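Every number in this text was worked out from the coordinates using simple rules, so none of it is lab data. Note that this is a predicted model, so its numbers are computed, not measured. Cβ placement follows ideal geometry from the backbone for every residue including glycine, while neighbour counts extend to all protein chains displayed.
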């Protein structure tokens, strides 16, 4: 009798086992460094998605474990993060943010059977290499650059336009694509300059812009350098506006540039916070004191896509999940329906131009300030 009871107890322990198996989802992002504000966006978006998934029973009944990797916007550190994710059996990665990090990291993921969706890497090369595992739920530099280049050619016809970039794959790539579109519509650049990111003194650049009588500066790069250049432009009496891309879209731009940020133009997708599908998620963020600006909801959407793809493929195997994502089926997300082409790009990219203005609260921001072209 005792042996039967013990056997029964042992069976009970074995059958109960762990409460739930776990699916590991990573977020690779610049948690520290010059792009840390974007790292916070990716981390916040993914963490909220994982929390919501687990409240609703996980993915296919399995709990989701979030693993965070700090790439510090550095390609070598990004590869280290990717290798660590692979050794930790992370199946899916939301990230990375910087194109210069995402490109080498994605090679590691391809070898390790890991699927990655970048919410913010716009460099064309990222999805042009034919990798099976590489996706993004944002647009590309050639699409974003087309919008900016057309605007500059139309609105600054006959004016002196300078193109400045930070020499990174993202910054230079975006500036090159914008310049290409600008020239295709008859524009002629006055100046092309590259800067070294991380520097604090850009007075030599500003002096050159002044000497050339520049009417507008197009900047390919991130908010840190953009803010410093803007502030130093105003300090030297140069009133020309700055135009740039999604790498400038964070409130830290204003924290760095101060009043000089007013009048800045940036390209970015339509504000996801206003979309009906995002209403409940936005409310959850705001209840925590978080404004889900920039790429926060794009990170949340990337996690949603992974969940739906795993459920659709009925597998957590990377290649099966990626194959399902490549089929072109629409995934329902907080930023709207998303489907991918064979390269891993979204099929309906959309960019608009925002002007950073002072609102009723006295704060400078871009929300609600879309320009009609």
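Before moving on, here are some points about what is shown:
- Residue 184 versus residue 159: modelled label distance in nm, points set 7 Å from Cα along the beta carbon direction: 2.2
- Share of Cα-Cα pairs in region 23-181 lying beyond 24 Å, as whole percent: 38
- Per-residue extension of 0.36 nm, minus the Cα-Cα distance of residue 192 and residue 79, leaves a gain of 37.5 nm for this segment.
- Paramagnetic reach from residue 236 (point 7 Å along Cα→Cβ, amide N under 20 Å) across region 155-188: 160-167
- Across the chain, the relative contact order, built from alpha-carbon pairs under 8 Å that are at least six residues apart, equals 17 percent.
- Modelled FRET efficiency - R0 22 Å, residue 274 with residue 56, Cβ distances, 0.05 increments: 0.35
- Region 345-373 and region 204-257 have Cα centres lying 18 Å from one another.
- Contact order, relative form, for region 181-326: 15 percent (alpha carbon pairs under 8 Å, 6 or more residues apart, mean separation divided by residue count).
- Burial ranking of peptide ranges 299-307, 145-153, 257-265 (average Cβ count within 10 Å, highest at the top): 299-307, 145-153, 257-265
- Where both bridge residues fall in region 22-180, DSSP classifies roughly 5% of the beta bridges as antiparallel.
- Estimated inter-spin distance, residue 323 and residue 347, nm [label 7 Å along Cα→Cβ]: 2.0
- Working ranking of peptides 116-125, 165-174, 193-202 by packing, defined as the average number of other Cβ atoms within 10 Å per residue, highest first, is 116-125, 165-174, 193-202.
- Folded to 0 to 90 degrees: helix 141-155 orientation relative to the chain principal axis, Cα: 30
- Extending 7 Å from Cα along the Cβ direction at residue 339 and again at residue 211 yields two label points whose distance is 5.4 nm.
- Mean residue ellipticity (222 nm) of the chain, computed from DSSP H runs ≥ 4 via -39,500 (n - 2.57), nearest 500: -13500 deg cm²/dmol
- In region 195-352, the C-alpha radius of gyration followed by the widest Cα-Cα span (Dmax) gives 20.1, 63 angstrom.
- Rounded to the nearest 10 degrees, the angle from helix 75-87 to the longest Cα principal axis of the chain is 10 degrees.
- Whether region 161-272 is rounded, prolate or oblate, judged on the alpha carbon gyration tensor where a/c under 1.5 counts as rounded: rounded
- Nearest-ten-degree value, helix 36-55 long axis tilted from longest Cα axis of the chain: 30
- Inter-part distance where region 288-304 and region 41-101 are each reduced to a Cα centre, Å: 14
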